[in-house]
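The values are calculated or read from the model by the stated rules, or taken from the named source; none is laboratory data. Quantities reported herein were computed from a predicted structural model and do not represent experimental measurements. Ideal geometry is used to build each Cβ from the backbone, glycine not excepted, and the neighbour counts take in all protein chains shown.
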Amino acid sequence: MAVIAPDVLRRADEFGQQFAAAQPFRHIAIADFLDRALCERLLADFPSFEARHALNEMGEVGGKAVRMDVRDISDSYRELDRYLQSEEFLGFVSRVTGIPDLLYDPDYVGGGTHENRHGQGLDAHVDFNYHPRTRWHRRLNLIVYFNHDWDEAWGGALELHADPWNAAANRIERIAPTFNTCAIFETTETSWHGFAAIALPPAQAQRSRKSFAIYLYTRERPAEQTAPPHATIYVPEAMPAHLQAGHTLDDGDVRDLTQRFTRLRTQLRYLYEREKHFGAQIAALERAIDEARAAQRLELQGYATQPEGVQGLWPDGWCGTDLRAVFVPTRAVRGLELELWAPPQLGSAQEVRIELGGDGYTQALRPGLRTPVRLRLRARAGEPVTLAIRAARSWTPAADGSSGDERALAFRILGAVLEH
């Protein structure tokens, strides 16, 4: 049985050209997208509005209900779900968008059925950029609307923004949420979108804005499009243009301002709670790092104990520019042999200053090569010995884009052997 209308499937290349040329970012609106009979069944089976599915970020009941348990709704939704996993569907969307290897999300995170009631709007935003469970890159939003005879005066049109932070330069493209219209757009760090608040006339008060959404992912993404993980980022609406000095507020103005301030305060409260949560996570990670450092020991061969953690040594074996370690021989010692290695990214020789048992040494390390260093040491059993190494330079992986590692890394100790 057909799911996407056959004529739509045949026009994939034509739609691809439109998608690539669209502004303010890549998108397309396709009319009569699904098989008409299936679309009518999906509307007939659309779940009723329930408070438990309409909780906002703060756990309060709002005007938007979302059902992500798509396969539990009805047979028609199970039929749609099966098709969304198929090679035909994913291949069609790849041809239209030019994005290969698209992945269906069985969790429907943030997707599924969406119902928005009178007064509900959605501030311009960019979406979260990684799937929370799989860590896949979010690449596309695909939305099908189920609203017969929708009047554009009622609001609710999908709005695609060039830059909602800059009202003077912002360009907005609108897609009406009309029955069986499909909107597909790329999700990037600048794909700002939302919709104006729904304003239904009294005679249409029983209506709502209904849609179905699925988000598609890929395992990889071009490096220039990649950003650190983030949640959805909203841009609150600015002051209405007609509110100028001397204007007398009417009931509509007060309602509008009340809604704007309510949304803004809810967003700020959500960000505050999220910051507290992140702060607690960061504090826990810092404690764990401190504990790991306190427990960190040199890989020291010989008869000796290490009564305290090594400063400047990371658990993966990298050293920063300053390392300090204390060990206590349990047998008399006459020397220490080190094998040091400096990263090739330094480009030229790394100079290290080594202090051991009160004596000082200077050693040049050729990047990328192992450098043996033999040090004289006279220490009796039970006599604490301090080893300190200070490097002249360091390398930060994040600075050259090789990884997100922001540590300043100077050298590694590949071997440490006591001579008794």
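If residue 239 passes every condition in (1) surrounded by 14 or more Cβ atoms within 10 Å (Cβ to Cβ); (2) assigned to a loop (DSSP other than H, G, I, E, B) but one, which one does it miss?
With respect to (1) surrounded by 14 or more Cβ atoms within 10 Å (Cβ to Cβ); (2) assigned to a loop (DSSP other than H, G, I, E, B), residue 239 is out only on (1).
Can you name every one of the strands (runs of 3 or more DSSP E) wholly within region 120-182 that holds 2 or more residues which are closer than 14 Å to residue 195 by Cα and not β-branched (Val, Ile, Thr)? Spell out the reasoning first.
Numbers: elements: 122-126, 137-145, 158-161, 172-175.
In region 120-182, 122-126, 158-161, 172-175 are the strands (runs of 3 or more DSSP E) which contain 2 or more residues that are closer than 14 Å to residue 195 by Cα and not β-branched (Val, Ile, Thr).
I need the full set of residues from region 61-83 which are free of Cβ contacts under 8 Å to residues at least 40 places away in the same chain and either over 16 Å from residue 141 (Cα atoms) or in contact with a Cys (Cβ under 8 Å, 6 or more places away or on another chain) (or both), in order please. Outline the logic, then answer.
Keep residues of region 61-83 that are free of Cβ contacts under 8 Å to residues at least 40 places away in the same chain, which gives 61, 71-72, 74-78, 81-82.
Within region 61-83, 61, 71, 72, 74, 75, 76, 77, 78, 82 meet the criteria.
Does residue 184 meet the test of being in contact with a Gly (Cβ under 6 Å, 6 or more places away or on another chain) and surrounded by 13 or more Cβ atoms within 10 Å (Cβ to Cβ)? Explain how you work it out, then say what you get.
Values: in contact with a Gly (Cβ under 6 Å, 6 or more places away or on another chain): no; surrounded by 13 or more Cβ atoms within 10 Å (Cβ to Cβ): yes.
Spelling it out, it is not the case that residue 184 is in contact with a Gly (Cβ under 6 Å, 6 or more places away or on another chain) and surrounded by 13 or more Cβ atoms within 10 Å (Cβ to Cβ).
Taking interchain pairs and intrachain pairs at least six residues apart, which have beta carbon atoms under 9 angstrom, with the first residue in region 84-97 and over 18 Å from residue 13 (Cβ atoms) and touching a residue at least 40 places away in the same chain (Cβ under 8 Å) and the second part of a helix (DSSP H, G or I) and of a type outside the set (Val, Ile, Thr)?
Pairs that qualify, where the first residue is over 18 Å from residue 13 (Cβ atoms) and touching a residue at least 40 places away in the same chain (Cβ under 8 Å) and the partner is part of a helix (DSSP H, G or I) and of a type outside the set (Val, Ile, Thr), are 84/90.
Considering region 340-373 alone, what residues qualify as being surrounded by 15 or more Cβ atoms within 10 Å (Cβ to Cβ) and touching a helix residue (DSSP H, G or I) at 6+ places or on another chain (Cβ under 6 Å)?
Within region 340-373, 367 is the sole residue that qualifies.
Quick one: would you say residue 113 is surrounded by fewer than 19 Cβ atoms within 10 Å (Cβ to Cβ), farther than 20 Å from residue 191 by Cβ and β-branched (Val, Ile, Thr)? Working first, answer last.
Values: surrounded by fewer than 19 Cβ atoms within 10 Å (Cβ to Cβ): no; farther than 20 Å from residue 191 by Cβ: yes; β-branched (Val, Ile, Thr): yes.
So residue 113 does not fit the description; no.
Within region 260-277, is there a residue that is of a type outside the set (D, E, K, R) and assigned to a loop (DSSP other than H, G, I, E, B)? Spell out how you get there, then give the answer.
Step one: list which residues in region 260-277 are of a type outside the set (D, E, K, R), which gives 261-262, 264, 266-268, 270-272, 277.
With assigned to a loop (DSSP other than H, G, I, E, B) added as a condition, the list becomes none.
No, region 260-277 has no match at all.
Can you go through 217, 234, 270 and tell me which one is touching a Leu at 6+ places or on another chain (Cβ under 6 Å), under 29 Å from residue 162 (Cα atoms) and surrounded by 13 or more Cβ atoms within 10 Å (Cβ to Cβ)? Lay out the reasoning, then the answer.
On the way: 234 fails: touching a Leu at 6+ places or on another chain (Cβ under 6 Å); 270 fails: touching a Leu at 6+ places or on another chain (Cβ under 6 Å).
Going through 217, 234, 270 in turn, just one is touching a Leu at 6+ places or on another chain (Cβ under 6 Å), under 29 Å from residue 162 (Cα atoms) and surrounded by 13 or more Cβ atoms within 10 Å (Cβ to Cβ): 217.
So which of 334, 324 ends up being loosely packed, with under 14 Cβ neighbours inside 10 Å and in the same structural domain as residue 409 (by TED's automatic domain parsing)? Before you say what the answer is, go through the steps one by one.
On the way: 324 fails: loosely packed, with under 14 Cβ neighbours inside 10 Å.
Sole residue among the options that is loosely packed, with under 14 Cβ neighbours inside 10 Å and in the same structural domain as residue 409 (by TED's automatic domain parsing): 334.
What residue, of 293, 393, 407, is under 32 Å from the mean Cα position of the chain (by Cα), part of a loop (DSSP other than H, G, I, E, B) and farther than 12 Å from residue 418 by Cβ? Reasoning before the result, please.
Working: 293 fails: part of a loop (DSSP other than H, G, I, E, B); 393 fails: under 32 Å from the mean Cα position of the chain (by Cα).
Result of the check over 293, 393, 407: 407.
Within region 386-397, identify whether any single residue is assigned by TED's automatic domain parsing to the domain that holds residue 318, exposed (fewer than 13 other Cβ atoms within 10 Å of the Cβ) and out of contact with any Ser or Thr (no Cβ under 6 Å at 6 or more places or on another chain), and answer yes or no.
Of all residues in region 386-397, those assigned by TED's automatic domain parsing to the domain that holds residue 318 come to 386-397.
Checking the rest, the ones that are also exposed (fewer than 13 other Cβ atoms within 10 Å of the Cβ) come to 386.
Checking which are out of contact with any Ser or Thr (no Cβ under 6 Å at 6 or more places or on another chain) leaves us with 386.
Yes.
Keeping to region 306-321, report how many residues are buried (at least 18 other Cβ atoms within 10 Å of the Cβ) and of a type in the set (Ser, Thr, Tyr).
Qualifying residue count, region 306-321: 0.
State which residue pairs qualify: first residue charged (D, E, K, R) and inside region 385-408, second residue loosely packed, with under 14 Cβ neighbours inside 10 Å and not in a strand (DSSP E or B) in any location, beta carbons under 9 Å apart, and separation of 6 or more residues or different chains.
393/348; 405/398; 406/398; 406/399; 407/398
Among helices (runs of 4 or more DSSP H) lying entirely in region 1-89, which contain 2 or more residues that are surrounded by 15 or more Cβ atoms within 10 Å (Cβ to Cβ) and among the aromatic types (Phe, Trp, Tyr)? Steps first, answer last, please.
Working: elements: 6-10, 12-21, 36-44, 75-84.
It comes to 12-21, 75-84.
Quick one: residue 291 ticks every box in (1) closer than 25 Å to residue 397 by Cα; (2) assigned by TED's automatic domain parsing to the domain that holds residue 413; (3) of a type outside the set (Gly, Ala, Ser) except a single one, so which number is it?
Exception for residue 291: condition (2).
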